[in-house]
Amino acid sequence: MGDKRSQIIKALKESKGAPVSGEELGLSLGVSRTMIWKYIKSLQAAGYEIDSSPKKGYILKAVPQLLYPEEVQMGLKTTLLGKKIHYFEELSSTNNTAKQIALSEEEGTLVIAEIQKGGRGRLGREWVSPLGGIWVSIILKPGVPLRHASRLTLVAGLAVANVMRDLGLDARIKWPNDVRILERKVCGILTEAKAEVDRVDYVILGIGINVNMDLKDIPEPLREGSTTLKVELGKHVGRVAFLQDLLFELEQQYIRFKTQPFSQILNDWMALSDTIGREVKVTTPSRIIEGKAVGVTSDGALVVKKADKTTEEVIAGRCIYARTK
Ligand code: BT5
C-alpha cells in the first residue's frame, strides 16, 4: 500500500500541476483505475489535497505538513538511514517502540511520531513532544563494545548542530546531549543500547527537535530554557526537508564513526561544544562533581578539574553551568 501511494504522489508531483489521468496511473502502477481511485481517497484522507476531474484526471494541490514516510523518503539522499520508516501520528515514546522491534529490524530503520504522550529524557525525565517537532528514533547496529555506545550521543549531537548551523543558527552542544541556541535547548538526544557479552545488539538513537512549535507549546517551567527553530528563525521550517538533511548528515557522521578514529569526531564535537572551559556542576545519581570542564574522553565522559586540582571523569550526569565563561 505504502509503495503504491508513494508512486502516485511521485507521479503527481512530477507532473507539476498538470492533470494525470487515472488510466495513465493505473497502467504505470499495474493496477485498475478503481484501485487508483481508492489510493487517491486514502491520500486525501491523509491530508493530501488532490483535485479530481473525471475527464482530465488528478492534480496535486498541496501536501500535508506531516512526516509521512512517502514524503521523507522522496528525495532522501541516504543509503542506510530511513530506508524503512515506521510512522505514527501518536505514540508513547518512539524509543520504546523502536526497542520493541529493534532485534528484527535492519539498522537504519526509523520510528517517527508526530506526537509523543510519554516522550522520555534521561533518567526518567520527561520530554515534551507536541505536534510540530521531530520525534524520531533510529535503530543502529554498529557492533561496537557497549562502552562505545555513548559515543553515538556525541555523533548525533554533532550532526544536529551541523544541520542547524547550515540554517545560519549558532547551535552549540552542551555535554552530553543538548543542542542549544543562545543557551536555550532546542534538541535532546537519548541513546539507549542493548548488549550481550559486551557487544551491542542494537543502539536506539532517540532525537527530539523543537521545530515549528511556539514557546507557548512548551510548559511554563521549561519555557525559559527552551527554544524552537521557528522561534529562532522567525519562520516556519519545513520539517521534511530538515529531517532529510539531518538523516544525511547523521549518516555521514555515522560512517566516520565506523571507519575513522573517534578523535576526529571528538575534535569537531569539542569545537561546537560550549561546555569545555566552563565551571560546571555535574549531578549523577550518586554524587555531585564541581569544577572546570577541561575535556571529553574518547568514550564521551566529561573531564572535570576540581578545586583541589585533581581531575575526574563523569560518564553520565546532568550538567549545569556554574557561571559564564
Ligand atoms: C534529553 O534528556 O534531552 C533527551 C530527550 C530525547 C527525546 C527524544 S524524542 C524521540 C525519542 N523518544 C523519546 O521518548 N525520547 C527521544 P535530558 O537531558 O534528560 O533532558 C530532559 C529535560 O529537558 C527535561 O527534564 C526538561 O527540563 C527539558 N525538556 C523537556 N522537554 C523539552 C523540550 N521539548 N524542549 C526543551 N527542553 C525540554
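For the options Pro64, Pro54, Pro176, a Gaussian network treatment of the chain with springs between C-alpha atoms closer than 10 Å singles out Pro54 as fluctuating the most. Rank Gln44, Val31, Leu146 by how far each Cα sits towards the positive end of the charge dipole of the chain (+1 on Lys, Arg Cβ; -1 on Asp, Glu Cβ) and give me just the farthest. Checked the options; the winner is Leu146. Of the peptides 306-313, 150-157, the order by per-residue mean of other Cβ atoms within 10 Å, starting with the highest, comes out as 150-157, 306-313. Mean residue ellipticity, 222 nm, helices only, the chain: the sum of -39500 (n - 2.57) across DSSP H runs of n ≥ 4, divided by residue count and rounded to 500, is -9500 deg cm²/dmol.
Roughly what % antiparallel, to the nearest 5, for the DSSP beta bridges in the chain? Percent antiparallel among DSSP bridges in the chain is about 90. Distance from the Cα centre of region 240-275 to that of region 70-91, in angstrom? After rounding, the separation between the Cα centres reads 19 Å.
What order do you get for 159-172, 40-53 when each peptide is scored by the mean count of other beta carbon atoms within 10 Å, highest first? All intermediate terms of the calculation are to be shown ahead of the outcome.
Numbers: 159-172: 19.1, 40-53: 14.4.
Put in order of decreasing packing, that is 159-172, 40-53.
Would you order Trp37, Trp127, Trp175 from fewest to most other beta-carbon atoms within 10 Å of each residue's own beta-carbon?
Working: Trp37 14, Trp127 18, Trp175 25.
Starting with the residue having the fewest Cβ neighbours, the order is Trp37, Trp127, Trp175.
Taking the Cα centre of the chain as reference, the dipole from Cβ charges on Lys and Arg (+1) and Asp and Glu (-1) amounts to some 260 debye. Legend: calculated FRET efficiency, Ala62 to Ala271, from the Cβ-Cβ distance at R0 = 41 Å, rounded to 0.05, equals 0.50. Sorted from longest to shortest, the spans of the Cα atoms of region 1-135 along the three principal axes equal 59, 28, 25 Å. For the pair Lys84 and Lys306, a Förster radius of 51 Å applied to the C-beta separation gives a FRET efficiency near 0.60, rounded to the nearest 0.05. Residue separation of Ile115 and Ser6 scaled by 0.36 nm, minus their Cα-Cα distance, works out to 37.0 nm of gained length. Given points 7 Å out from each Cα along the Cα-Cβ axis, report the Glu279 to Leu27 separation in nanometres with one decimal. Once both label points are built, they end up 7.6 nm from each other.
Quick one: order His236, His86 by neighbouring beta-carbon count within 10 Å, fewest to most. Kindly include the intermediate steps, with their values, before the conclusion.
On the way: His236 12, His86 18.
Ascending Cβ contact count within 10 Å gives the list His236, His86.
A simple rule links phi to the HN-Hα coupling: the Karplus curve 6.51 cos²θ - 1.76 cosθ + 1.60 with θ = phi - 60°, which for region 54-67 gives x, 7, 8, x, 9, 10, 7, 9, 7, 9, x, 8, 10, 8 Hz, with x for Gly and Pro.
At a Cα cut-off below 13 Å, give the aspartates and glutamates reachable from Lys216, other chains included and same-chain residues fewer than 8 away excluded. Leaving aside aspartates and glutamates fewer than 8 places away in the same chain, those within reach of Lys216 are Glu224. Which whole-number percent of Cα pairs in the chain have a distance greater than 33 Å? In whole percent, the long-distance tail amounts to 32. With R₀ fixed at 25 Å, the C-beta to C-beta distance from Ile101 to His236 puts the FRET efficiency at about 0.20. Label positions at Lys216 and Asp166, each projected 7 Å from the Cα along the C-beta direction, are separated by 3.3 nm.
Considered as an equivalent ellipsoid built on the Cα gyration tensor, region 121-214 has semi-axes of 25, 14, 11 Å, the largest given first. For the cross-link pairs Lys41/Lys84; Lys41/Lys61; Lys141/Lys258; Lys16/Lys61; Lys16/Lys83; Lys77/Lys194, the ones whose C-alpha atoms lie over 18 Å apart are Lys41/Lys84; Lys16/Lys83; Lys77/Lys194.
Computed from the coordinates by the stated procedures, all read-outs in this text should not be read as laboratory data. Remember, predicted model here, so these are calculated numbers, not experimental data. Don't worry about glycine lacking a Cβ; one is built from the backbone with ideal geometry, like all the others, and counts go over all protein chains shown.
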